[in-house]
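Accompanying notes for the structure given below.
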Amino acid sequence: METEINEKNVVIYVKSFLYKNGHTMESLKCKENVIIRNNLIKDLKKKSSLSIRQIASLLGINKEIVYRVK
């Protein structure tokens, strides 16, 4: 069973995810890192109870991008 990511530890999860993949919050905005960004969004959608708006705000990206990631 997968651990649910709550609002308290979501920042830790994101930082850990980025560190493991050798990226930063800023590098998620680069076009060549779309796959990494989308994988992070998928994880957050699946493992957390955060809304699309909350995920977008946390990652500093447009909520439409988060919405489109399946």
Query raised in the report: Does at least one position in the range 4-20 carry a residue that is at pLDDT 90 or above and at positive phi?
Result: no
Report summary line: Taking the range 28-70 and keeping residues open to solvent by less than 40 Å² (accessible area, probe 1.4 Å) and not in a helix (DSSP H, G or I) leaves SER48, LEU50, ILE61, VAL69
Report task. Check LYS29, LYS42 and return the single one that is under 17 Å from ILE61 (Cα atoms) and at pLDDT below 90. Result -> LYS29
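Kindly establish whether GLU4 is touching a strand residue (DSSP E or B) at 6+ places or on another chain (Cβ under 7 Å) and open to solvent by 60 Å² or more (accessible area, probe 1.4 Å).
Criteria met by GLU4.
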Report summary line: Log entry, pairs with first residue in the range 37-51 being under 17 Å from THR24 (Cβ atoms), second being of a type in the set (Phe, Trp, Tyr), beta carbons closer than 6 Å, six or more apart or on different chains, reads LEU40/PHE17
Report task. Under 7 Å between Cβ atoms, at least 6 apart or on separate chains: pull out the pairs that start in the range 15-34 with a residue that is among the basic types (Lys, Arg) and end on any residue that is open to solvent by less than 70 Å² (accessible area, probe 1.4 Å) and outside any helix (DSSP H, G or I). Result -> LYS29/ILE61
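The values are calculated or read from the model by the stated rules, or taken from the named source; none is laboratory data. All values derive from a computational prediction rather than experimental measurement. A quick note on method: Cβ atoms are made from the backbone with ideal geometry, for glycine too, and the neighbour counts reach across all protein chains shown. Ligands, DNA and RNA are stripped out before the accessible areas are found, and what is left, the full protein with its side chains, is counted by its heavy atoms. Shrake-Rupley method; radii C 1.70, N 1.55, O 1.52, S 1.80 Å.
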